[in-house]
Ligand code: ADP
Ligand code: MG
């Protein structure tokens, strides 16, 4: 198999549209998001931009039910995955987390575990049962889709922690894909990486976007312009909770922003 061939691991489930409806979030008494509504369409890349501290990471954690794991955290509003409320009573938190994967700024593979076993852990979490040969093929597919296969095919038994930072991040993407997510949330996935690794991950995002809905937080405006179809600008002004000031097609946001605060931000005047 070459790096361009595609096995069907992702298409079995299919990308879903994720919609946040009037999401507010608190840590204790501190309100950090105020009635944020945003549709993140299936098979598109949505970029979340905005200054530090405006609630972008919190918003991502609300989208896959990680927010509720933080002791002081509370929440209002709805998150709908293809129309179904992921917070519905009776819906299990693990189901949301399987369908909505997350990649973090700091690559976090299981460092002592082999590359193969890192991906296998994702396959197990996704409930994929397979023969040994089938597993090998799925591990290969996930690593291929993450753009890592060619580099690691001869060292699958090495520990995840032995890879470079950029490779570790792609391993994390492979592990997330192995769970067969319908949405992939990426919180500044390239912030800790060099330009070459960043380009590889951007290529991976472009390749995946036809099958997985992608939501990416980035502080890099060029990156937002390169990878995303639409863009949402978050802002928390003077101690007020984060809101979306403006959202829309990325081209329009960068070439013709409607709000003066967006103009300032996308032109680096913040
Ligand atoms: P961003 O990702 O846009 O930088 P965050 O979502 O990390 O913003 O943070 C939004 C606000 O929530 C900040 O004021 C931050 O201090 C606060 N915050 C984030 N995580 C926690 C936490 N675990 N406990 C308490 N406050 C938090
Ligand atoms: Mg953040």
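Full-extension gain between residue 37 and residue 226, please, as 0.36 nm times their residue separation minus the C-alpha to C-alpha distance.
On the way: separation 189, 0.36 × 189 = 68.04 nm, distance 2.39 nm.
Stretched fully, the residue 37-residue 226 segment lengthens by 65.7 nm.
Here the chain carries DSSP beta bridges of which approximately 55% are antiparallel, counting only pairs with both residues inside. With the highest mean first, a sort of the peptides 189-202, 26-39 on other beta-carbon atoms found within 10 angstrom per residue produces 189-202, 26-39. Legend: P(r) of the range 75-217 from all alpha carbon pair distances, 10 Å bins from 0, whole percents, reading 12, 42, 33, 12, 1.
You can think of it this way: the chain between residue 113 and residue 155 has 13.9 nm of extra reach, that is 0.36 nm per residue less the Cα-Cα gap.
Taken over the chain, the ratio of Cα radius of gyration to 2.2 N^0.38 Å equals 0.99.
Here the average projected area of the convex hull drawn through the C-alpha atoms of the range 60-150 stands at 8.1 nm².
Would you mind putting 161-169, 234-242, 66-74, 210-218 in packing order, based on average other-beta-carbon counts within 10 Å, highest first?
On the way: 161-169: 19.6, 234-242: 15.8, 66-74: 14.0, 210-218: 23.4.
Highest mean packing first, the order is 210-218, 161-169, 234-242, 66-74.
Peptides 114-123, 178-187, 250-259, 128-137, ordered by how many other C-beta atoms sit within 10 Å of their residues on average, highest first, read 178-187, 114-123, 250-259, 128-137.
Ordered from longest to shortest, the equivalent ellipsoid semi-axes for the range 127-185 are 18, 16, 9 Å, each the square root of 5 times a Cα gyration tensor eigenvalue. Sorting 270, 233, 104 from the fewest to the most surrounding beta carbons within 10 angstrom yields 270, 104, 233. For the range 97-143, the square roots a ≥ b ≥ c of the C-alpha gyration tensor eigenvalues yield an a/c of 1.5 or more together with a/b not exceeding b/c, which makes the shape oblate.
Taking the 0 to 90 degree range and rounding to the nearest ten, how far is the long axis of helix 195-208 tilted relative to the main principal axis of the chain, both from C-alpha atoms? Its long axis makes an angle of about 90 degrees.
Between residue 237 and residue 264, the modelled label-to-label distance comes to 0.8 nm, taking each label 7 Å out from Cα in the direction of the beta carbon.
No lab work stands behind these numbers, since they all come straight from the coordinates. A quick note: this is a predicted structure, and the numbers were derived from the prediction, not measured. With ideal geometry, Cβ positions are generated from the backbone for all residues, glycine too; neighbour counts draw on all protein chains shown.
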